[in-house]
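Participant: Structure in structure tokens, see below.
No value in this document is a laboratory result; all are computed from the given coordinates. Since this is a predicted model, take the numbers as computed values, not measurements. When we count neighbours, we look across all protein chains shown, and the Cβ atoms used for this are built from the backbone with ideal geometry, even at glycine.
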Amino acid sequence: MITPYHNRVEAGHVLALALKSFRNRMDAIVLGLPRGGVPVAYQIAEALHLPLDVLVVRKLGLPGQEELAMGALAQGEGIVFNPDVLDSYHPGTREIERTVQREQRELRRRELAYRTGKPPLDVKGLTVILVDDGLATGATMRAAVQALRKQEPAAIVVAVPVAPPDTCMELEREVDQLVCPKRPPYFSAIGQWYEDFGQTSDEEVLALLSHSEVH
């Protein structure tokens, strides 16, 4: 039986143990996906003594059914669409464009807020450990990976506490390594695998980034 994590802190501790071979590596960095991925990434970065930064990603919700992801975009011009959703619901080109533009504005707002004027850390030639608090369809993570590839890292390691097996299989083909300790076959939402899955605020993200050992 697969048991849920208590919270994102515990999930980060579990991932840090699985990633202990990266401890004190001079050529590695941890990037958290705001907002929920940052508390998990913070625990990993602290345990492994690695720099911490964020990679901002936004879900592209289907117009009228915003909880359903028709795609995702990430800072650095990464954008991924979900063909199954587009083929099933046929949103208009104008609706898609409006959604992309709105989420691009929010993405820029968050990036400015989280960075407080500082440029992103340079990942060229580094091993990047990309962290979220879980995956469902994997669209946001694929957008992050696509954006990250353009920055020429040496390797991309995706670390997530929980994800369905089919999403893991798809993502394993796109990254150098996937670390995912819990892969439940019956998966309806990430939140079901946490006892405490409260929303992470912008203020919490900023606090964790400022408290990080190396940022």
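Participant: Normalised by the residues of the chain, what does the relative contact order come to in percent, with Cα pairs under 8 Å and at least six apart?
Facilitator: Here the relative contact order equals 27 percent.
Participant: Between ALA113 and SER88, what FRET efficiency comes out of the Förster formula 1/(1 + (r/R0)^6) with R0 = 30 Å and r the beta carbon distance, rounded to 0.05?
Facilitator: Step by step, r from the Cβ atoms, then E = 0.30.
Participant: Still on this structure, I have one more. Could you identify which residue out of MET26, MET70, MET141 has the top mean-square fluctuation in a GNM of the chain using Cα springs shorter than 10 Å?
Facilitator: Ranking MET26, MET70, MET141 by mean-square fluctuation puts MET26 first.
Participant: Let me make sure I get this right: for the range 35-86, a, b and c are the square roots of the gyration tensor eigenvalues over alpha carbons, sorted descending. Under 1.5 in a/c it's rounded, otherwise prolate if a/b > b/c, else oblate. Which is it?
Facilitator: Judged from the Cα gyration tensor, the range 35-86 comes out prolate (a/c at least 1.5, a/b above b/c).
Participant: Over what distance in Å are the Cα centres of the range 167-199 and the range 85-131 separated?
Facilitator: Centre-to-centre (Cα) distance: 21 Å.
Participant: Only counting other Cβ atoms within 10 Å, I'd like TYR186, TYR5, TYR114 sorted with the fewest neighbours first.
Facilitator: Listed from fewest to most nearby Cβ atoms, that is TYR186, TYR114, TYR5.
Participant: Please label the shape of the range 70-189 as rounded, prolate or oblate, based on the square roots a ≥ b ≥ c of the eigenvalues of the alpha-carbon gyration tensor (a/c under 1.5 means rounded; beyond that, a/b larger than b/c means prolate, else oblate).
Facilitator: Verdict is oblate for the range 70-189.
Participant: Taking the range 59-114 on its own, what percent of its Cα-Cα pair distances exceed 15 Å?
Facilitator: Across the range 59-114, Cα pairs with separations above 15 Å total 45 percent.
Participant: Now, a different point. Which residues among the range 64-88 fall inside the zone where the amide N is under 18 Å from a point 7 Å beyond the Cα of LYS150, along Cα→Cβ?
Facilitator: 71-82, by backbone N distance to the label point.
Participant: Let me ask something else. When the Kirkwood hydrodynamic radius is evaluated over all pairs of different C-alpha atoms of the chain, what value in angstrom, to one decimal, is obtained?
Facilitator: Result for the chain, one decimal place: 17.3 Å.
Participant: Output the antiparallel fraction of DSSP beta bridges having both residues in the chain, as a percent to the nearest 5.
Facilitator: Given both bridge residues lie in the chain, the antiparallel proportion sits at roughly 35 percent.
Participant: Then there's this: What nm distance separates the two modelled labels at GLU195 and THR3, each placed 7 Å from Cα along Cα→Cβ?
Facilitator: Between GLU195 and THR3, the label points sit 0.8 nm apart.
Participant: Determine which residues of the range 111-146 fall in the zone a paramagnetic label at MET169 would reach in this model, i.e. backbone nitrogen under 17 Å from the point 7 Å along Cα→Cβ.
Facilitator: Correct set: 136-139.
Participant: While we're here: For a quick check, take a GNM of the chain with Cα springs below 10 Å and name the residue from ASP133, ASP53, ASP122 with the largest mean-square fluctuation.
Facilitator: Maximum among the listed residues: ASP122.
Participant: Kindly put CYS168, CYS180 in sequence by how many other C-beta atoms sit within 10 Å of each C-beta, fewest to most.
Facilitator: Listing CYS168, CYS180 from fewest to most nearby Cβ atoms yields CYS168, CYS180.
Participant: Stokes-Einstein at 25 °C, 0.890 mPa s, Kirkwood radius from Cα pairs: D for the range 90-161 in µm² s⁻¹?
Facilitator: 171 µm²/s
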